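Okay, so here's the structure we're looking at.
The values are calculated or read from the model by the stated rules, or taken from the named source; none is laboratory data. As the structure is a computational prediction, the values presented were derived from the model and not from experiment. Cβ coordinates were reconstructed from backbone atoms using ideal geometry, including for glycine residues, and neighbour counts include every protein chain displayed. Remember, those area values only see protein heavy atoms, side chains included, never the ligands or the DNA or RNA. Shrake-Rupley method; radii C 1.70, N 1.55, O 1.52, S 1.80 Å.
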Amino acid sequence: MSKSWMQVGSGPERSAPVEVAVVQAAPVGFDLQRSVQKVIDLTAEAARQGAKLVVFPEAFISAYPRGMSFGVVVGSRKPEGRELFRRYYDSALSLHSPEFNRLSEAARRNRVHLVVGILERDGGTLHCAVLFFGPTGALLGKHRKLMPTAAERLIWGQGDGSTLPVIQTEIGRMGAVICWENYMPLLRHTMYAKGIELYCVPTVDSRETWLPSMRHIAMEGRVFVLSAAQFARRGDYPDYFDTEFGEDPATVVSPGGSCIIGPLGDVIVAPNFEGEVILRASLDLNAIDRARFDFDPVGHYARPDIFQLTVDETPRSNLRIVNRAPAASGAEISNNETEAKEAKSC
């Protein structure tokens, strides 16, 4: 992976505009192979249009299960809901799997930076995550959603501070904040402090309040915001998708609303609610420097003498051995030594 933290002000030469694409589409719900293929096809189409950065929505591989209950009420889980979760789990992506390698190859073949929202399978847990691939196909970084929203907590685990990258690339410093994570002020500040310029927002939110939020974040952080939302109909999900939206395949489940915003809060590409589309823009990163003339949220407007933020980026595991038995030779290992070795091995 490339370096995911760097000091503000060490960015690339800003001699050429950055060509970006925000993909608004639906995955093939609960179908890993076909959803991956759709990412491949749409990435190629965006690259043909000239994009060097392609951003996909939240949980694009392999569905945001809007309107589903998974058979849960407080104090009870139905067997049908457990089976539905199993199918959902099967449609998720494992890192370094054949499907993961297909995404890597799509980025390499099209020479693009690819930012894609996935369901990441890790042991018995699913994480809502974002993968960053570079134009060589290398995995540059990963972000796991820190706080699943409301009923999402039934099906997704929480991320930790170890996956909050802002990645230095030849087209700018990029990172991702997923959906309602954008309402977490300290997380936003962390991204700003790491020098983010291309602020990617994989989401499924299409409320009328979303555009004002994106404009606020762009202006607050003096960043370009690329908000990629799903546009999905009932027919994009399988027949066994038991949802409050009914059975009519034409029913809109996720209405879109993707947009691209400039660092003074200006709407570069307005929200689209009409269907599947690739939104394109040419971004002049010099606009960020001009915007920070009168407001830099982590520089001359920060007041670190009053306000400071501590971010714990320690990877978290549920296994930590603190009192290992002595070696067979009889040599004693102190608890402190054992803990140090365990920490190093993680």
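Some points to look at:
For every residue, the table says whether it meets (1) more than 26 Å from residue 225 (Cβ to Cβ); (2) out of contact with any Leu (no Cβ under 8 Å at 6 or more places or on another chain); (3) open to solvent by 40 Å² or more (accessible area, probe 1.4 Å); (4) in contact (Cβ under 8 Å) with a residue 40 or more places away in the chain.
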{"residue": "33", "(1), (2), (3), (4)": "yes, yes, yes, yes"}
{"residue": "40", "(1), (2), (3), (4)": "no, no, no, yes"}
{"residue": "46", "(1), (2), (3), (4)": "no, yes, no, yes"}
{"residue": "64", "(1), (2), (3), (4)": "no, yes, no, yes"}
{"residue": "77", "(1), (2), (3), (4)": "yes, yes, yes, no"}
{"residue": "83", "(1), (2), (3), (4)": "yes, yes, yes, no"}
{"residue": "87", "(1), (2), (3), (4)": "yes, yes, yes, yes"}
{"residue": "91", "(1), (2), (3), (4)": "yes, no, no, yes"}
{"residue": "100", "(1), (2), (3), (4)": "yes, no, no, no"}
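- Test: residue in the range 220-231 that is out of contact with any Lys or Arg (no Cβ under 8 Å at 6 or more places or on another chain) and open to solvent by 30 Å² or more (accessible area, probe 1.4 Å): no
- A search for C-beta distances below 6 Å between a residue of the range 252-274 that is without any contact (Cβ under 8 Å) to a residue 40 or more places away in the chain and part of a strand (DSSP E or B) and any residue that is open to solvent by 60 Å² or more (accessible area, probe 1.4 Å) and among the basic types (Lys, Arg), counting only pairs 6+ apart in sequence or on different chains, returns 252/233.
- Residue match in the range 20-29 (condition: touching a Leu at 6+ places or on another chain (Cβ under 9 Å), over 24 Å from residue 136 (Cα atoms) and either aliphatic (A, V, I, L, M) or at pLDDT 90 or above (or both)): yes
- Residues of the range 63-88 satisfying the condition of being part of a helix (DSSP H, G or I) and either touching a Gly at 6+ places or on another chain (Cβ under 8 Å) or hydrophobic (A, V, I, L, M, F, W, C) (or both): 79, 80, 81, 82, 84, 85
- Strands (runs of 3 or more DSSP E) completely within the range 130-211 that count 2 or more residues being of a type outside the set (D, E, K, R) and touching a Ser or Thr at 6+ places or on another chain (Cβ under 7 Å): 139-144, 167-169, 198-203
- Within the range 275-319, the only residue that satisfies the criterion of being aromatic (Phe, Trp, Tyr) and either closer than 28 Å to residue 144 by Cβ or open to solvent by less than 50 Å² (accessible area, probe 1.4 Å) (or both) is 307.
- Looking only at residues in the range 153-182 that are within 15 Å of residue 121 (Cα to Cα) and within 15 Å of the chain's Cα centre (by Cα), the one that is most open to solvent (accessible area, probe 1.4 Å) is 158.
- Residue check for residue 232: in a strand (DSSP E or B) and under 22 Å from residue 32 (Cβ atoms): yes
- Evaluated against (1) within 22 Å of the chain's Cα centre (by Cα); (2) under 30 Å from residue 35 (Cβ atoms), residue 242 falls short on exactly one condition, (1).
- Residue satisfying all of: in the range 190-244; among the aromatic types (Phe, Trp, Tyr) and at pLDDT 95 or above; nearest to residue 86 (Cα to Cα) among these: 231
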